[in-house]
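The values are calculated or read from the model by the stated rules, or taken from the named source; none is laboratory data. Note that the coordinates shown come from a computational prediction; the quantities given were computed from them, not determined experimentally. Cβ atoms come from the backbone with ideal geometry, glycine included; neighbour counts cover every protein chain shown.
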């Protein structure tokens, strides 16, 4: 009975059946991928904008623990004056959490 | 069609089998369709619940590790932390709403003081800065939020499973993706509190700070702890006097801006000084599609929270007929509780120029009260 059923199928039928199977697999895989994406976290790259009180020169460096707004920190590369932390902000990149 | 016809043409026996299968499928879907859907929903919500558990455990572990770093006796930290994370606050009865604001304020103040004292009892090493203790306290609060989110979702999941209630499960399935995104933001907030970086909500205090500390502003007086956890700066800019208030930083703290505004207005009234208006600056939740860091102006008390401070501001300004202006900086909930985004930080100059324009064009005479509302973490 099964062989009789298979023999009755022509090439066009096979193409339709294969296409349906592929669509089904694609839907399942894309759903799994969507669930995986849920567990991705945006890892913040925290940047610090420094401002020279003397000449107004601005510089950006990475955040260090203990930094806060208006903290006197590095020396100005241009005039050697005191630099303060003007802004602290994030520039985002996406990585997958293990 | 070709396939179906060929299948149907095989034999009458096949035709009958396929028709019977269709009828059976139809009957199964009529009687058991909802149950099948229920089990599919159960699988999806169950999977998100597992992810929520992972987020909650990660938050708790990160917070515990940070607390242990600053504790003299690491063995008792977990026990004290568990007691803290399961603590609760019961709001007063509202059947007779008269005087409820004072009752809410009393409960909230008691809770805040007790919570901070409990954190201080855990982190008992010597020479820990007050700012660090405040940040650790914020970390514990974020972990508490994740714990509550997990417990509530788990409650409805188990309730729907136990009672086999499809409608409870359907509602849960619809809302869990949104809850999950919120939970992810709380986990990211833990990192911000750990490092002590300004968060999106810190934009109000940041603008107040930038308004006070710049070359064009002359500071006349600085009153730390003007009211609990709140600093007042009396400054002069472009020939105008501003009373600027913000929470005392750089530790995570929101202060008591309502109480501060009330105290300033009462004291200025005594001195018979004219008050031209109050300008409030705060972060506000944006609608989907709106740009992060977009600035908008309006009227009213721009302040969130449980409502006590908002009530005080509205009451005192209404009583004295003082106009209340608001400038908001739009951001999502996730952006408000995680490290400040560049677009939000870059709105500072725009907001300051708007304050100057308001002072020049609309609040022409008298003293202006400027309030930077929000968590002042990372902003002194």
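Quick notes on this structure:
- Filter result for residue B:100 (outside the structural domain of residue B:147 (by TED's automatic domain parsing) and farther than 16 Å from residue B:138 by Cα): no
- Selection count, the stretch B:99-125, where residues are outside any helix (DSSP H, G or I) and within 17 Å of residue B:309 (Cα to Cα): 1
- Residue, farthest from residue A:89 (Cα to Cα), within the stretch B:186-198, restricted to residues that are at the interface with chain A (Cβ under 10 Å from one of its Cβ atoms) and in contact with a strand residue (DSSP E or B) (Cβ under 9 Å, 6 or more places away or on another chain): B:187
- Residue satisfying all of: in the stretch B:335-351; in contact with a helix residue (DSSP H, G or I) (Cβ under 6 Å, 6 or more places away or on another chain) and at the interface with chain A (Cβ under 9 Å from one of its Cβ atoms); surrounded by the fewest Cβ atoms within 10 Å (Cβ to Cβ) among these: B:348
- Residue in the stretch A:38-47 that is nearest to residue B:184 (Cα to Cα), counting only those that are at pLDDT below 90 and in a strand (DSSP E or B): A:41
- Hits in the stretch B:209-226 - residues which are away from every other protein chain (no Cβ under 11 Å) and either surrounded by fewer than 20 Cβ atoms within 10 Å (Cβ to Cβ) or in a helix (DSSP H, G or I) (or both): B:211, B:216, B:217, B:218, B:219, B:220, B:221, B:222, B:223, B:224, B:225
- Filter result for residue B:292 (within 14 Å of chain A (Cβ to nearest Cβ) and closer than 19 Å to residue B:380 by Cβ): no
- From B:60, B:100, residue being at negative phi, in contact (Cβ under 8 Å) with a residue 24 or more places away in the chain and either touching a strand residue (DSSP E or B) at 6+ places or on another chain (Cβ under 6 Å) or surrounded by 13 or more Cβ atoms within 10 Å (Cβ to Cβ) (or both): B:60
- Each residue in the stretch B:285-309 was checked for being within 28 Å of residue B:103 (Cβ to Cβ) and assigned to a strand (DSSP E or B), and 1 of them qualify.
- Counted residues, the stretch A:48-72 - those being surrounded by fewer than 17 Cβ atoms within 10 Å (Cβ to Cβ), more than 11 Å from chain B (Cβ to nearest Cβ) and in a strand (DSSP E or B): 5
- The lone exception for residue B:165 - which of (1) surrounded by 13 or more Cβ atoms within 10 Å (Cβ to Cβ); (2) within 14 Å of chain A (Cβ to nearest Cβ); (3) without any contact (Cβ under 8 Å) to a residue 60 or more places away in the chain it fails: (2)
Quick grid of which residues meet (1) in the same structural domain as residue B:66 (by TED's automatic domain parsing); (2) within 30 Å of residue B:44 (Cβ to Cβ); (3) in contact with a helix residue (DSSP H, G or I) (Cβ under 7 Å, 6 or more places away or on another chain):
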position: B:106; (1), (2), (3): yes, no, no
position: B:114; (1), (2), (3): yes, no, no
position: B:123; (1), (2), (3): yes, no, yes
position: B:129; (1), (2), (3): yes, no, no
position: B:146; (1), (2), (3): yes, yes, yes
position: B:151; (1), (2), (3): yes, yes, no
position: B:156; (1), (2), (3): yes, yes, yes
position: B:171; (1), (2), (3): yes, yes, no
position: B:211; (1), (2), (3): no, no, yes
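- Looking only at the stretch B:358-380, residues that are under 31 Å from the mean Cα position of the chain (by Cα) and either surrounded by fewer than 24 Cβ atoms within 10 Å (Cβ to Cβ) or assigned to a loop (DSSP other than H, G, I, E, B) (or both) come to 11 in all.
- Some residue of the stretch B:65-85 being within 14 Å of chain A (Cβ to nearest Cβ) and crowded, with 16+ Cβ neighbours inside 10 Å: yes
- Taking the conditions (1) farther than 17 Å from residue B:221 by Cβ; (2) buried (at least 19 other Cβ atoms within 10 Å of the Cβ) in turn, residue B:288 satisfies each one other than (2).
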